[in-house]
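None of the figures in this text is laboratory data; all of them are computed from the coordinates on show. In this text, all values refer to a predicted model and were calculated from it rather than measured experimentally. Cβ placement follows ideal geometry from the backbone for every residue including glycine, while neighbour counts extend to all protein chains displayed.
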Amino acid sequence: MKLDLPRILGLIGAVIAVFLLLVMPFGLGKYGLFILSQWAVMSIAALGLNLTLGYAGQVSLAQGAFVGLGAYTGAILTTNGWPMIVAVILAIVLCFAVGWCLGYPALRVQHHYLAFVTLAFSTLAFLLFRNEEWLTKGIYGIDGVPRPSLFGLSTDSAIRFYFLCLASLALVAFGVWWLIRSPWGRAFVALRENPIRALSLGVDTRRYILMAFAIGSALGGVAGVLYAPLVEFIDPTPFTLSLSLNLLLMVIVGGQGFFGGPFLGAAISVLLPEWLRFTQGYYLLIYAAFVLGLLVYSPTGLLGILDRYLTARSTRAASAKRAAATATLGDAR
Amino acid sequence: MSQLINLIVSGCATGSIYALVAIGFTLLWQTSQTINFAQGEFVMLPAFFMLAAVNIGLPFWAGILVGTALSLLLLGVGFKRMIVDPMLRHGTLPLAIATMALSLFMKESVKEFYSAEAQPFPSIIPNVDLHFWGATVSTQSLGVLALAILAVIALQFLLTRTSVGRQMQAAAQNPTTARILGIPVERMIMYTFLINAALVSLASLLVTPVYLAKFSSGETLGLAAFIAAIVGGFNQVRGAIAGGLLLGIVDNLAATYISTQYRAAVPLVLLIVVILFRPQGLLGSAEERTV
Amino acid sequence: MKTVLKVENIVKRFGGITAVGGVSFEVGEGEILGIIGPNGCGKSTLFNCILGQLTPNEGQVHVDGKLTTGLRPCELNRLGVSRTFQLLQVFPQLTVRENLILSGQEHRGTMASRLFGKRDAGLGAEADKMIGFFKLGHLAGEKAGGLSYGQQKLLDAAMAFMAGPRLVLLDEPAGGVNLTMLASLKDRLQAINREQGATFVVIEHNMEFVMSLCTRVLVLAEGRVLAEGSPAEVRANPEVVEAYLGH
C-alpha cells in the first residue's frame, strides 16, 4: 500500500477519531451521550446516502423517509416483543425492496428523474406514517420503544446504548468500505467519470446505480431501527423532507464520494445547533448560507478542499521532479 | 354536475398557476440545464417583497411593481450570476444541489426576517360568485385563469414572433451553432432567467391571496411545478401547460372526492404512474433512451 | 470463413438528415476491415448503430449469428464486442492496472461474485500480461490521467482487448499519435489479430495506416457504400478518388 501524504493523514485522523469515540463518552453526561449516539445513527444513514450520491452520482431525496421506515419497523416490532435484530433484518429487506421498486422505473428513463420520484415518495411516506393509525398510531406516536438486550446485557443506560450505536456504525462502515474496495467500487468510479465508456466495457451502469440506491436506502432503514430506541418515542414529525434534505447536505458538506465525508458531515450537522445556539433561530439560515458558499467554492465538500490541496501539492512536487530530471538529461526530446 | 363545473373551473385556475411555474422551470432546464429545486420558494418570495413594500407605506400597486422589480433582480439576475454561473462549471448535479440549499436559505430567511406566521395578501381580482347555468363560479378563478392565459400567450408571442424570442429558442436548442451565428447566447440565457422571475412573480401574485403568504408555502408549490413539468413532458413548454392544468384539475377533484388525509397523495401517485407508464410525459416524445 | 459481423441495410436519420442511408456489409473471422470515407459520410454514426449507442431506424445487426440491433452497449460488450473511441476515454482516476482490470471484470462472474470475491476479480495476472504486451510495464501503478497522449492511446487499445473480444471496432485509433507510437500500435494490433484471432473493423482517416493494416477496405460516401475491396483495388478505384478529391 502506497504510503503517501493523504493516506497517512487519513490514517492518523481515523486513529484519533476512533480513540476519541472510545474514550470521550466516559466524560460526558446523558445529553452529550445522546448527541454522540445521534451522530453515530445519522452517520449510518449518511453513509448509505453517500453510496447513492457520492459513488453512484444520484440524488435521493427520500433517505429521511427510509430512516422513518426503519424507525417505525423497529418501534412497532420491539414494542410488540420482537427482538431488535428481527427489526433490523426486516428494515433492510423492506427498504431495499422499496428502493429497488422506486429506482428501477425512474432510472430506466432519465437519470435525474430519481430525484423527483424520491421527492414524491418522501411526501407519500410521511402521509402514510401520519394516516395509518392502526399501524403507526398516527400523530399520537409509538411510545416506550425499548432498548435491546445483547447477550443478556441491557443497553438501557445511555453509555451502553451509545456503544451499541458505535458498534453498529463500525459494522456498517466496514461493509461500505468492503464494497468500495471491491470491483464494485471500480465500477462506480468508472460510471461516475465516464458512463458511456463504462458501458462500452460491459459495466451495466443502470444495475450498479440501482444497487447503490437500494443498498443506500437499506442503510437508511438500519439507521432508523437504531433511532427508535435512541429517542424512545416515534411519531411522524421528524420524517419529513427536511430530514432528507439534512442528510443530503451532510453528505455534500462532508464531501460526497469520500469515505470519511458522511462522518464529517453528520458531525457538523448534529453539532451545529449546539455550537450556534447563541444565534437562536438563525442557525439554520447560517448553515444554509454556509452550504451555498461551500458548494460554490468546492462542490466536493470539505474533504474535497483537503483533497484538492493535497493533490496540488503532489502535482507540484511531481512537476518539480520532472523539471529537475529533464534539466539533468539535457535536451532529451 | 354544477359542482363538477365549479371544480373544473377552479381546478383550471389553480392549474394555470401551476402551469406558469412549470413553464419557468422547464425553460430553465431547456436553456441552461438548471434544475431549480427552489422554484417553489421562488413563487413564495415575491409576495413577501410586495408585502414588505406595502409595510413601508407604499400603495398596493406600487408594492406590486417594487416586488416584481426586486424579484427580477434577485431571482433573475442574482440567481444566475451568483449561483447558476459559478455552479454550472462544476456540473448539473452540483447546481441542482445548490438550489436545494438555496431553497432552505430562502425559507429560513423569510421565517427569520419577516415572520413565521401566515400573512394575508390582498387579491388584485375581486372575489364575487357568479351564477350561471346552475353552476357557481368565482370571479377570482376566472380572473386568475384569464391573467395566466394572457401571460402564456404573451410568452408564446415573445418566443415565436419576435427576433429576441427566436434567438432564445436557437440558443436553447443548439448553443454552439447559435454562437457561430452571432447570437449572444449568454444574454439569451439571462433573458430566460428573467422570464422565469417574471412568471414566478405573477404566479405569486395570483396564488398568495388564496393560500396566504407563508415561508413554507414553497414546498407544495415547488412539488406541484415539478410534477406538472414531468407529467406534461419535461422537455417542452406545451407540456408544462398541459401538465399544470391537468394537475390543477386532478388536485381539486381529489380535494373534494378523496379523504383530506390522502388528498395530497394524488398528485404524487400521478407522478409515479406517469414515470412508470409514460415517462416522456403526456406531450413529450420518446427520446433516445438513457442507455 | 465464419461471419462474425453482419450489417444489413442500416438506416439512421436525424430529423430531416439521413446520416446513414442503407449500409450493408459482412466481416469474416480474423479479418481487419477498414472503413474510410470523407468527413461526414456517416462512419461514426454507423459505428454507433452497430454498437448500440444509437438505435437505427431500419436495418439489422448480427454478431456471430445473433441479432444484436438495439441491445445496450454493455450487453453487446458481454457478447464479445469491444470498441475504442475517437476521443480518448481512459479513466484518469484509476491506475493503468485498474483500468485494465475494470475492462475485464464485467465479463466474469456475477454481481455477487464481484462484491464478495477477490479485489482484482481474478484478473491481476491477465492485466499484467496485457501491460507487458502493450509495453506499459513501467506505468502499471500510475494514474491513467498522468500518462502522455500516446501512452493513453495504447492503454485505450489495451482496455478494448482485456476481455478477449471476438470483434473490436476501432474509431480512428491513429488520431493524434506520432509516427513511432503509430508503428508500435499497428504492430500490437496485428499481433493481437494473429494471437487472439480477433476480428477488427477500423474507421480511419490515415490512409497509410489503413492500407498497411487492413485486409479489406469499405468506402463510404454520403451514408452509402461507394466501394469495397482490397486496399489496392480501392486505392485504384476512380470513384473513390473523386469522392475524396471532390470534398
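Below are the figures for this structure:
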| quantity | calculated |
| --- | --- |
| Quotient of Cα Rg and 2.2 N^0.38 Å for the range C:46-100, N being how many residues it contains | 1.33 |
| Footprinting exposure proxy for C:T3, C:T110, B:T31 (fewest neighbouring C-beta atoms within 10 Å first) | C:T110, C:T3, B:T31 |
| Efficiency of FRET from Cβ geometry, B:R89 and C:Q190, R₀ 51 Å, rounded to 0.05 | 0.70 |
| Highest-MSF residue in chain C out of C:E106, C:E195, C:E222 [GNM, Cα springs under 10 Å] | C:E195 |
| At least 27 Å along the helix axis (C-alpha) and Kyte average at least 1.6, DSSP helices within chain B | B:139-161 |
| Relative contact order for chain C, counting Cα pairs under 8 Å that sit 6 or more residues apart, in percent | 28 percent |
| Whether the range A:96-224 is rounded, prolate or oblate, judged on the alpha carbon gyration tensor where a/c under 1.5 counts as rounded | oblate |
| Taking N as its residue count, the alpha carbon Rg of the range B:183-291 over 2.2 N^0.38 Å | 1.22 |
| Highest-MSF residue in chain C out of C:L167, C:L182, C:L33 [GNM, Cα springs under 10 Å] | C:L182 |
| Rel. contact order, % - alpha carbon contacts under 8 angstrom, at least six apart, the range A:199-290 | 12 percent |
| Burial ordering of B:I241, A:I35, fewest other beta-carbon atoms within 10 Å first | A:I35, B:I241 |
| Separation of alpha-carbon centers, the range A:49-80 and the range B:87-155, rounded to whole Å | 32 Å |
| Distant alpha-carbon pairs in chain A (separation over 28 angstrom), percent | 45 percent |
| Estimated dipole of the range B:98-177 in Debye, rounded to 20 [Cβ of Lys and Arg +1, of Asp and Glu -1, Cα centre] | 400 debye |
| Size of charge dipole - chain A - debye, nearest 20, with Cβ of Lys, Arg +1 and Asp, Glu -1, no other charges | 1200 debye |
| Inter-chain Cβ neighbour average for residues B:84-94, partner chain, 10 Å | 3 |
| Values of log10 I(q)/I(0), in the order q = 0.20, 0.26, 0.28, 0.29 Å⁻¹, for the range B:1-54 under a Debye, Cα-only, solvent-free model | -0.81, -0.95, -1.00, -1.03 |
| For chain A: relative contact order, % (alpha-carbon pairs under 8 angstrom, 6 or more apart) | 30 percent |
| Simple spin-label estimate for B:L276 and A:D156 in nanometres, 7 Å along Cα-Cβ | 4.6 nm |
| Cβ-based exposure ranking for C:L115, C:L170, in which fewest neighbours within 10 Å come first | C:L115, C:L170 |
| Compactness of the range A:253-312 as Cα Rg over 2.2 N^0.38 Å, two decimals | 1.19 |
| Cα convex hull of the protein assembly as shown, projected area averaged across orientations, nm² | 43.1 nm² |
| Between the range C:85-125 and the range C:208-247, the alpha-carbon center distance in angstrom | 37 Å |
| Antiparallel content of DSSP bridges confined to the range C:124-247, in %, to 5 | 50 percent |
| Chain A - mean residue ellipticity at 222 nm from DSSP helices (-39,500 (n - 2.57) per run, n ≥ 4, rounded to 500) | -25000 deg cm²/dmol |
| Radius of gyration and maximum dimension Dmax of chain C, Cα, Å | 18.2, 60 |
| Separation of alpha-carbon centers, the range A:93-172 and the range A:1-44, rounded to whole Å | 24 Å |
| Dimensions (Å) - the range A:155-298, Cα atoms, principal axes, largest first | 54, 40, 26 |
| Extension gain, C:E58 back to C:R119 (0.36 nm per residue minus Cα-Cα distance, nm) | 17.7 nm |
| Enclosed volume per residue, in Å³, of the convex hull spanned by Cα atoms of the range C:144-247 | 122 Å³ |
| Rounded D (µm²/s) - the range A:1-72, Kirkwood Rh over Cα pairs, Stokes-Einstein at 25 °C, 0.890 mPa s | 165 µm²/s |
| Calculated on alpha-carbon atoms, Rg and Dmax of chain B in Å | 18.9, 60 |
| Positive-end extreme of charge dipole, the range A:1-160 - chosen from A:T52, A:T78, A:T118 (charges on Cβ) | A:T52 |
| Summed side-chain charge close to C:G229 - residues other than C:G229 whose Cβ falls under 14 Å, Lys, Arg +1, Asp, Glu -1 | -3 |
| Interatomic Cα distance distribution for the range C:76-139, bins of 10 angstrom, percent | 19, 47, 31, 2 |
| Percent breakdown of C-alpha pair distances by 5 Å bin, ordered from the shortest bin, for the range C:27-159 | 2, 9, 16, 17, 18, 16, 13, 6, 2, 0 |
| Mean Kyte hydropathy of 1.0 or more with a Cα span along the axis of at least 18 Å, helices from DSSP in chain A | A:5-23, A:30-50, A:63-78, A:84-109, A:113-131, A:158-181, A:205-231, A:241-254, A:261-275, A:283-297 |
| With Cα atoms, 0 to 90° folded angle of helix C:149-161 axis to chain C main axis | 90 degrees |
